[in-house]
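Novice: First the structure, then my questions, so here it is.
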Amino acid sequence: MADTLQTNGKATALAIGTNRMSVRSTRKKKTTMLSPKKFCDFVSIGKEKVLVNRSSFQVIGKTPGKSFEAGVAELYKEYYLESPTFINYFRAPKEKNASKSVWLYDQTRVIVPDIEYYHASWVDGLRPNQYILAQAPRDAVAAKDFFKMVDHVKAEAIIIVESSDEFSSQIAPKFEKLATKKGEKGTDDLSTADIKDHGKNLKAVKFNRADQMAPAELVEMVERTRKYLGSPLKGPTVIICRDGATRCGVVAFIDLECDRLTKYGRVKHGDTIKAIRFTRCNTFDTFEAYDFAINSLVELCIKHKKK
């Protein structure tokens, strides 16, 4: 059957061999190339950093106080994260990394003077560097480095997302059950410790059912933890688990969305998960982790609607 072309309500046969071209292919595409002037404007104009619509490269505004060097640094950071490196992870002694499958980005790792390497990453919340996701110290040597890091960053709290004492004994020798209300008995879900050794004044919370918690239980534990700690805090919150990523990422996600719901009455699941993944390697690496996080967020939203 011959190809036809509809014109004014009539069908006209096309000549055999006629090459039909999609109209889409003839449309003029927006260029992503910049003129020399636009590129310079894109980075900075004098002391003003230009805000640019990335799809059209049109200048939409300016923000003062940024030098040309600062503009270049921001561009570098943006593209660096698209192609991250792991040099320090591979240079570190094997015993300093708990898992061969959980790596550490160079760009966001926590750097501490007098410590060659500790497996920990900065993660942004509603404010920059709101969290540190780190692997739990399992021996005295690792604990020494861990608390040097905690002191250096002026952390205000530690959350331990592990049930086993193997991952909490180096943080505090003893944890007490967290009471729900004054005078009531504590539950088995959470336990707490005050860390005041060597001039420290930190609160630590341990998730005792981290190995078997359901989404609704995670939300309940995060909310009770926030109440106990007095969230939102001014300093960083250090969240630890055995590999510093798998469970830490989910807890940071729910805690961050608790902040967002409290402040704005909204949630941003996709952007939040991407932001955590881009700064903490190997978080949300499996469908199970993603599914658990989304179901936990649903539970959080249901609770918020009931309030």
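Values quoted throughout were computed directly from the atomic coordinates according to the rules given, and no laboratory measurement underlies them. Predicted model, so just to flag it, every value in this text is computed and none were measured. Cβ: placed from backbone, ideal geometry, glycine included. Neighbour counts: every protein chain shown.
Novice: Just want the ordering: Tyr264, Tyr290, Tyr131, from fewest to most Cβ atoms lying within 10 Å of their own Cβ.
Specialist: Ascending Cβ contact count within 10 Å gives the list Tyr264, Tyr290, Tyr131.
Novice: Suppose each label sits 7 Å from its Cα in the direction of the beta carbon; what would the Arg127-Asp271 distance come out to in nanometres?
Specialist: 1.9
Novice: Separate question: Taking square-rooted eigenvalues a ≥ b ≥ c of the alpha carbon gyration tensor, is the stretch 79-160 rounded, prolate or oblate, where a/c under 1.5 means rounded and, failing that, a/b exceeding b/c means prolate? List each step's numbers first, then the result.
Specialist: Details: a/c = 1.71, a/b = 1.06, b/c = 1.61.
The shape class here is oblate.
Novice: Separate question: Please compute the modelled spin-label separation between Glu116 and Lys234, points set 7 Å along Cα→Cβ, answer in nm with one decimal.
Specialist: The answer from the label model is 3.7 nm.
Novice: Specify which residue in the list Val153, Ala172, Ile115 is farthest towards the positive end of the charge dipole of the stretch 108-306, using unit charges on the beta carbon of Lys, Arg (+1) and Asp, Glu (-1), about the Cα centre.
Specialist: Going by the Cα projections, it comes out as Val153.
Novice: Another question about this same structure. Once a ≥ b ≥ c are taken as the square roots of the eigenvalues of the Cα gyration tensor of the stretch 108-306, is the result rounded (a/c under 1.5), prolate (a/b larger than b/c) or oblate (a/b not larger than b/c)?
Specialist: On the way: a/c = 1.56, a/b = 1.18, b/c = 1.32.
Oblate shape, in that a/c is at least 1.5 and b/c is the bigger or equal ratio.
Novice: Additional query: State the extension gain, in nm to one decimal, for the chain segment bounded by Lys100 and Asn295, taking 0.36 nm per residue of separation less the distance between their alpha-carbons.
Specialist: Numbers: separation 195, 0.36 × 195 = 70.20 nm, distance 2.83 nm.
Full-extension gain reported as 67.4 nm.
Novice: Please order His119, His304 by the number of other Cβ within 10 Å, starting at the fewest. Let's see the in-between values first.
Specialist: Details: His119 27, His304 15.
Ordered by Cβ neighbours within 10 Å, fewest first: His304, His119.
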